[in-house]
């Protein structure tokens, strides 16, 4: 099936068109832009270029997959809103993908995988996963937590692969006891091809949704919401 994947949750955004069979991309395109979160200016360009590189039209897409968070509040909104519009116009199903799961999907390892995204204010978005029989198994739900609490969680495992755009910040702070490995730059962050592959897995497990059910996942209030509460 032909799957369109989109990720706009971090500084690096990407779009992908992938023909996926039995969990493998037999043909795909991937167009990536590092834009300092100016995704609204580039999103249609990314989509058009990904389709052009693959040699497909948006009408050919069978399924739309998009990261719904966590990540940049504005980036998440842009991605979700765009895919909502495309799926509605073409009357096609959607799948919502965790940006942390998309990062973890890129890691080929027997160790526990811990994707981290810098949530600012001395916090990270994170989760943990492990490959079991070629299936990426989630160990707990995405959460926003403090550095110290995350270290305690990581130190309960012997071998952990750290990935995600929060890796560098975490590496500078960490002096715990676990045997940590840091993902290579080429697979450190999520990309839209991983989003499409995760989308395929959700689709075959009957977890597709309509565009109306597609919603952002923020995990914590935005800065504007926090400021509003503090001023009351």
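The values are calculated or read from the model by the stated rules, or taken from the named source; none is laboratory data. All figures in this text were calculated on a predicted structure; none of them were measured in a lab. Quick reminder, even Gly has a Cβ in these numbers, built from the backbone with ideal geometry, and neighbours come from all protein chains shown.
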Hey, residue 50 assigned to a loop (DSSP other than H, G, I, E, B) and in the same structural domain as residue 220 (by TED's automatic domain parsing) or not: no
Subset of the stretch 24-36 (residues that are outside any strand (DSSP E or B) and either surrounded by 20 or more Cβ atoms within 10 Å (Cβ to Cβ) or touching a helix residue (DSSP H, G or I) at 6+ places or on another chain (Cβ under 8 Å) (or both)): 35
Any hit, the stretch 163-176, residues being exposed (fewer than 12 other Cβ atoms within 10 Å of the Cβ) and either touching a helix residue (DSSP H, G or I) at 6+ places or on another chain (Cβ under 6 Å) or closer than 30 Å to residue 23 by Cα (or both): no
Matching residues in the stretch 38-57 - criterion: being closer than 29 Å to residue 73 by Cβ and surrounded by 17 or more Cβ atoms within 10 Å (Cβ to Cβ): 39, 42, 43, 46, 47, 49, 50, 51
Residues of the stretch 106-146 classified as surrounded by fewer than 16 Cβ atoms within 10 Å (Cβ to Cβ), at pLDDT below 95 and closer than 22 Å to residue 169 by Cα, total: 3
Qualifying residue in the stretch 58-73 (condition: in a helix (DSSP H, G or I), out of contact with any strand residue (DSSP E or B) (no Cβ under 9 Å at 6 or more places or on another chain), at pLDDT 95 or above and more than 21 Å from residue 39 (Cα to Cα)): yes
The stretch 1-23 - residue that is free of Cβ contacts under 8 Å to residues at least 40 places away in the same chain and in a strand (DSSP E or B) and, of those, nearest to residue 196 (Cα to Cα): 19
